[in-house]
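Here is the structure we will look at, set down as structure tokens.
Computed from the coordinates by the stated procedures, all read-outs in this text should not be read as laboratory data. All values derive from a computational prediction rather than experimental measurement. Quick reminder, even Gly has a Cβ in these numbers, built from the backbone with ideal geometry, and neighbours come from all protein chains shown.
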Amino acid sequence: MLAAEKNHELTQVGPGTPMGEYLRRYWHPIAGASELSSNPVKPIRLMGEDLVLYKDLSGNYGLVDRQCPHRRADLSYGFVEECGMRCNYHGWLFDADGSCLEQPYEDQAAPEMRFKEKIKIKSYLVRELAGLLFAYMGPEPAPQLPDWEPFSRENGFVQIVTADIPCNWLQCQENSIDPVHFEWMHGNWSIRLRNKGEPYGPKHLKLDFDEFDYGLLYKRITTSTNEQDPLWTIGRVLLWPNAFFLGNHFEWRVPVDDTNTLSIGWFYKPVPLDRRPYQQTSIPSWHSPIKDETTGRWISTHVINQDIIGWVGQGAITDRTQEHLGQSDKGIVMFRRRLFAELEAMKSGAPLKALIHEPAKNKCVKLPVAGHSTLPDNGVESKFTMMAGQPEWVRKAQEEAMGQPIDNHGIV
Ligand code: FES
Ligand SMILES: [Fe+2]
């Protein structure tokens, strides 16, 4: 349980709020790079700010205010140029660093006024890595954009999946340090959804929680594992501050505003040995639906969709004054305490957790990996079970990479 003002402090993400200012000090993935190939301009809302993400004709990315500083036109209807993006209303042109490069009529009528030099649009840094576009919205200098080890893996097929989650970021991220939900929300609920009358799956017997440089860890022993199991000796990673890392995939929960979150997943699947060497030429990104439009209910067929049902069910911003935390929630308590300690650290100017400042330390940064490897599972290609709605063209690309058909039987 948390007092109302404490809950408020952890969940508000707008400019000037403590958590909003804190999260702005980290890089966040905001889109798949391939999203901008068909349409180079995308409106995007991040931490309560309405922005426009674009790729100009030279291939440079920009992330700027959505409203034009001239007379406030919507820049998501602007168009890209060789350098930067132009407002479609009166043609003002802006560079990715926010400079105003041209004001067509002002430049013609009164060049001596040098009006454009007085104009600056809000802009943030954008970098591409591993098929993702990351943004940094905090004070300069920006820390390094973390180069996590899986980003340099070879011989794999990667896909990026986004979803719009109508609830606050923190309840999504608390799921990253919640081992017991796996037994019920995925294991036993899936058994019930199959309606086969099967017995429940393995039970959790023992949990442990730990902290390391780049996040927190949870460890479990169940009725089907023992103390030698990597899920006990290594554990699963809550990647600081708003991601979950499971060996072959990442899930970020990026705040859109106080009551909306962008779920963005990066999924690596090793190709079979007889397909190697394999080089992926482009990384697909696609948007996953979370609601079944025919029934109006949340989709429950895929793993992360099940998680999403948990998160949205807790309310737009879950009321933590009404919780009753138990032994299974020790990781949640540890996470919240660490967040409060970090807010204090930010206030006093102390170093913040998991930020990498030195380029030399930011090469293929290793994270704890339990039970996954770059070797294929068993040579048989299976359907994508993580999120609903994989488009046909992505399934085809995956089949092509794997060199074999994917069995989608039983999953939509
Ligand atoms: S409103 Fe954008 S150039 Fe006039
Ligand atoms: Fe889950």
| request: Using only the Cα atoms of the stretch 219-372, build the gyration tensor, take square roots of its eigenvalues as a ≥ b ≥ c, and label the shape rounded, prolate or oblate: rounded if a/c is under 1.5, else prolate if a/b is larger than b/c, else oblate. | output: rounded
| task | Filter the GluC sites (Glu not before Pro) in the stretch 311-410 down to the DSSP loop ones having no more than 16 other Cβ atoms within 10 Å, then list what survives. | result | Glu323
| Are there trypsin sites (Lys or Arg not before Pro) in the stretch 52-152 that DSSP marks as loop and that have at most 15 other Cβ atoms within 10 Å, and which are they? | Arg71, Arg72, Arg114, Lys122
| note | Of all trypsin sites (Lys or Arg not before Pro) in the stretch 189-271, the ones in DSSP coil with at most 14 other Cβ atoms within 10 Å are Lys196, Lys203
| message | Distance between the C-alpha centers of the stretch 285-327 and the stretch 1-53? Whole Å please. | response | 19
| message | Quick check for me: using +1 on Lys/Arg Cβ and -1 on Asp/Glu Cβ, what's the dipole size of the chain about its Cα centre, in debye to the nearest 20? | response | 580
| Cα-centred dipole magnitude for the stretch 35-130, charges only on beta-carbon of K, R (+1) and D, E (-1), debye, nearest 20 | 320
| message | Multiplying the sequence separation of Thr259 and Ser38 by 0.36 nm and subtracting their Cα-Cα distance, what value in nm do you get? | response | 76.6 nm
| message | Taking 0.36 nm per residue of sequence separation and subtracting the Cα-Cα distance, how much length would be gained by fully extending the chain between Asp274 and Asp50, in nm to one decimal? | response | 75.9 nm
| If you put +1 on each Lys and Arg Cβ and -1 on each Asp and Glu Cβ, how big is the dipole of the stretch 208-267 around its Cα centre, in Debye rounded to 20? | 180
| field | Reciprocal mean inverse distance between Cα atoms of the chain - Kirkwood radius, Å | value | 23.0
| message | Quick check: the distance between the Cα centres of the stretch 116-157 and the stretch 193-219, to the nearest angstrom? | response | 33
| message | Which cysteines in the chain lack any other cysteine whose Cβ sits under 4.7 Å from their own Cβ? | response | Cys83, Cys100, Cys167, Cys172, Cys364
| said: Per 0.36 nm of contour for each residue apart, how much would the distance between Glu117 and Glu82 grow if the chain were fully extended, relative to their Cα-Cα spacing? | reply: 10.6 nm
| note | Under the helix-only model (-39500 (n - 2.57) for each DSSP H run of 4 or more, divided by the residues of the chain), the mean residue ellipticity at 222 nm, to 500 deg cm²/dmol, is -5500 deg cm²/dmol
| query | Efficiency by 1/(1 + (r/R0)^6): what FRET value for Ala4 and Thr233, r their Cβ-Cβ distance, R0 = 41 Å, to the nearest 0.05? | reply | 0.55
| query | Along the Cα-to-Cβ line of Leu193, 7 Å from the Cα, sits a label point; which residues in the stretch 264-293 have backbone N less than 15 Å from it? | reply | 289-293
